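Data block below; observations after.
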Amino acid sequence: MPVNLKGRSLLTLKDFTPDEIRYLLNLAADLKAKKRAGIKGDLLEGKNIVLLFEKTSTRTRCAFEVAAFDEGANVTFLSNSQMGKKESLEDTAKVLGRFYDGIEFRGFKQETVELLAKHAGVPVWNGLTDLYHPTQVLADCLTIMEHVAKPLNKVKLVYVGDARNNMGNSLMIISAKLGMHFVGIAPKSLFPEEGLVKEMKKLAKTTGAKIEFSEDIASVKGADAIYTDVWVSMGEEDQFEERIKLLTPYRVTMDMMKKTGNPDCIFLHCLPSFHDLETSVGREIYEKYGVAEQEVTDEVFRCERSKVFDEAENRMHTIKAVMVATAGR
């Protein structure tokens, strides 16, 4: 059956079928090939896109802007609106929906992006909330497709670290949707919310996926990709001392990569990463706690098996696919 996503919002990949997700990934691959060939796109020509940001960003903002420009759209970056201050979310959504053909939101509460989608009348795209990061995991899967010589439903993806953050949630969801073997390795206190795990395990029975959680690093054995994220998400900085104690044993090292038993296992990270002392935040943490490398060692981050910059580029291509599929001509 043909896939038609016109007018759809992307709030979480829970709302998309496996076929719809595969369609977006294949479209992203096609659009990437077109860009690499120097073919000018026009699938968003005449469209106007607004980007709403509560949280800081490098990849999300740049990916949306370049992707929109590549296909002929105009973009407004809006970080100082009256939304939620002098104007309600509902009223803001209704106003922006009159001006724009698509709205991106990157912020804290999932309820915010859901309210925008309810009232805007145009597609709304989740650029990141505390619960979900759907555009990131689309890029992650495109990267796996490019670098792992297996179909996605044969891939073992291991996420190590804070498994109850938006990345842990979203990687579990897309794995369940696409029939992947997902393993979350974390302290039990940082496992995802139990209701979401049960929901994804139920879905996995229909897609052939396997969803597992463990506190044991040995569970990386057989991994095709190891994924990690920062120890402390935005807004949780006061928990850093506790997270150091909890997550230091889960730092991705070259020894952990070797424990997979798979010389072709790749390393993934959504970025930014605290793998060295070349950032002010990294130096501050080092001075306060003596931790020079946080969630991943510099050796792993810079090694040939690390595909983090291919992954970062793929944000642009998968975001382009989402905009073209939902708001394009």
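The values are calculated or read from the model by the stated rules, or taken from the named source; none is laboratory data. Since the structure is predicted, the reported quantities are computational estimates derived from the model, not experimental observations. Ideal geometry is used to build each Cβ from the backbone, glycine not excepted, and the neighbour counts take in all protein chains shown. Heads up: the accessible areas ignore ligands, DNA and RNA and are worked out on the full protein's heavy atoms, side chains in. Shrake-Rupley method; radii C 1.70, N 1.55, O 1.52, S 1.80 Å.
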Checklist entry - If you stretched the chain out fully between PHE309 and ARG22, how much longer would it get, using 0.36 nm times the residue separation minus the C-alpha to C-alpha distance? => result 101.1 nm
Item to check | lysines whose Cα lies under 20 Å from that of LYS198, excluding same-chain neighbours fewer than 8 positions away | outcome: LYS14, LYS156, LYS177, LYS188, LYS210
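So, with +1 on the Cβ of K and R and -1 on the Cβ of D and E, and no other charges, what is the size of the charge dipole of the chain about its Cα centre, to the nearest 20 debye? Please report the intermediate quantities before stating the final value.
Working: 45 positive and 48 negative charges, 228 e Å.
Charge dipole of the chain: 1100 debye, to the nearest 20.
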Checklist entry - For region 18-37 and region 115-187, what is the separation of their C-alpha centers, rounded to whole Å? => result 16 Å
Checklist entry - So, in nm, how far is label ALA33 from label GLU111 when the simple model puts each one 7 Å beyond its Cα toward the Cβ? => result 4.5 nm
Item to check | Segment ASP216-GLN239, extension gain: residue separation times 0.36 nm, minus the distance between their alpha carbons | outcome: 6.0 nm
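Per residue, how large is the accessible surface of region 20-146? Use a 1.4 angstrom probe and give square angstrom.
Numbers: 5640 Å² over 127 residues.
On a per-residue basis, region 20-146 sits at 44 Å².
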Checklist entry - For the charge dipole of the chain, defined by +1 on Lys and Arg C-beta atoms and -1 on Asp and Glu C-beta atoms about the Cα centroid, which residue among CYS62, THR17, LEU142 has the Cα displaced farthest towards the positive pole? => result THR17
Checklist entry - Check SER9: other-chain or 5+ apart residues with amide H under 5 Å from its amide H, H built from backbone geometry? => result VAL124
Item to check | Within a Gaussian network of the chain (alpha carbon springs, distance under 10 Å), most fluctuating of CYS265, CYS141, CYS62 | outcome: CYS62
Next on the checklist: Using +1 at the C-beta of Lys and Arg and -1 at the C-beta of Asp and Glu, which of ALA73, THR112, ALA93 has the Cα lying farthest in the positive direction of the dipole of region 53-121?
Outcome noted: THR112
Checklist entry - Ignoring ligands, DNA and RNA, what percent of the 1.4 Å accessible area of the chain is carbon and sulfur? => result 50 percent
Checklist entry - Taking springs between alpha-carbon atoms closer than 10 angstrom, which of THR60, THR76, THR297 fluctuates most in the Gaussian network model of the chain? => result THR76
Item to check | Interchain or long-range residues, amide H under 5 Å from TRP231's placed H | outcome: GLU295
Checklist entry - Residue-wise, which Karplus ³J(HN,Hα) couplings in Hz belong to region 185-194, taking 6.51 cos²θ - 1.76 cosθ + 1.60, θ = phi - 60°, and x for glycine or proline? => result 10, 6, x, 4, 5, 10, 6, x, 4, 4
Checklist entry - Once amide H atoms are placed 1.01 Å from N in the peptide plane, what residues at a sequence separation of 5 or more from ALA225, or on another chain, have their amide H within under 5 Å of its amide H? => result LYS156, VAL158, ILE266
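Between THR56 and PHE77, what length in nm is gained on full extension when 0.36 nm per residue of separation is reduced by their alpha carbon distance? Let's see the in-between values first.
On the way: separation 21, 0.36 × 21 = 7.56 nm, distance 1.22 nm.
Between THR56 and PHE77, full extension yields 6.3 nm more.
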Checklist entry - Pick from ILE174, ILE21, ILE319: which is most flexible by mean-square fluctuation in a GNM of the chain where alpha carbon atoms under 10 Å apart are linked? => result ILE21
